[in-house]
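To keep things clear, I will list the structure first and then write my remarks on it.
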Amino acid sequence: VQVVESGGGLVQAGGSLRLSCTASGNTFNIYTIGWYRQAPGKQREFVARISSRSWTIVYVDSVKGRFTISRDNAKNTVYLQMNSLKPEDKAVYYCNTHPSRDSNWGQGTQVTVAS
C-alpha cells in the first residue's frame, strides 16, 4: 500500500487541522489503517486506527475526545480530524496499515502547534 499524507500546517493552540491519507492500489479497503506521529527527538507512536469498515476505532489516550479518525473507502482515503490542538501534538504525522509495515511509510505531514 502506497500512501500520501497531507493537510498538516501551523496552527495556534486550540486550533484544528484535518489530515488526509490517500492510498494507491485496489486493496486499501481490506486494511485497518492507522495514524502515527513522531515528535522531535522521540520515537514514532501510535495515534489512532480504524478497521476496514470503520467498525473498530481506537485512539491513544492523549488524543481521545480531541481527534477523530474516519475513512472513505470509495476515495481510498483516511482522515484524522484534530481539534483542540496542543503544543505537544507537534509532530510529523504518518499513516500506515495497522500493524504497520516498513514498506508502507510515506513522507508524512508536519503539524506544528504554536502556544
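The values are calculated or read from the model by the stated rules, or taken from the named source; none is laboratory data. Every value quoted in this text rests on a predicted model; they were computed, and no experiment measured them. Heads up, the Cβs are rebuilt from the backbone with ideal geometry, glycines too, and the neighbour counts pull from every protein chain shown. Calculation scope for accessible area: heavy atoms of the full protein, side chains included, ligands and nucleic acids excluded. Shrake-Rupley method; radii C 1.70, N 1.55, O 1.52, S 1.80 Å.
Scanning the stretch 101-115 for residues that are closer than 14 Å to Gln38 by Cα and not in a strand (DSSP E or B) yields a count of 4.
Cβ-Cβ distances below 6 Å connect the following pairs, each with a first residue in the stretch 22-42 that is assigned to a loop (DSSP other than H, G, I, E, B), a second residue that is charged (D, E, K, R) and open to solvent by 60 Å² or more (accessible area, probe 1.4 Å), and a separation of six or more residues or different chains: Thr32/Arg49.
Every condition in (1) in contact with a helix residue (DSSP H, G or I) (Cβ under 9 Å, 6 or more places away or on another chain); (2) more than 17 Å from Leu19 (Cα to Cα); (3) at pLDDT below 95 is met by Asp102 except one, and the failing one is (1). Residues in the stretch 83-96 include at least one that is more than 18 Å from Val113 (Cα to Cα) and either part of a strand (DSSP E or B) or aromatic (Phe, Trp, Tyr) (or both).
Criterion applied to Gly8, Gly15 was being at pLDDT 95 or above, in contact with a Leu (Cβ under 6 Å, 6 or more places away or on another chain) and not aliphatic (A, V, I, L, M), and the one residue passing it is Gly15.
Each row is one residue, and each column tells you yes or no for (1) in contact (Cβ under 8 Å) with a residue 24 or more places away in the chain; (2) touching a Phe, Trp or Tyr at 6+ places or on another chain (Cβ under 7 Å); (3) hydrophobic (A, V, I, L, M, F, W, C).
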position	(1), (2), (3)
Ala48	yes, yes, yes
Ser70	no, yes, no
Leu80	yes, yes, yes
Gly106	yes, yes, no
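Considering only residues in the stretch 24-41 that are within 16 Å of Gln2 (Cβ to Cβ) and at pLDDT below 95, the one that is most open to solvent (accessible area, probe 1.4 Å) turns out to be Asn26. When restricted to residues that are within 14 Å of Gly8 (Cα to Cα) and either of a type in the set (Asp, Glu) or open to solvent by less than 20 Å² (accessible area, probe 1.4 Å) (or both), the stretch 94-105 contains 1. Total residues in the stretch 43-58 satisfying the condition of being outside any loop (DSSP other than H, G, I, E, B) and surrounded by fewer than 18 Cβ atoms within 10 Å (Cβ to Cβ): the figure is 4. If you check Gly14, Gly108 for being open to solvent by 50 Å² or more (accessible area, probe 1.4 Å) and not acidic (Asp, Glu), only one passes: Gly14.
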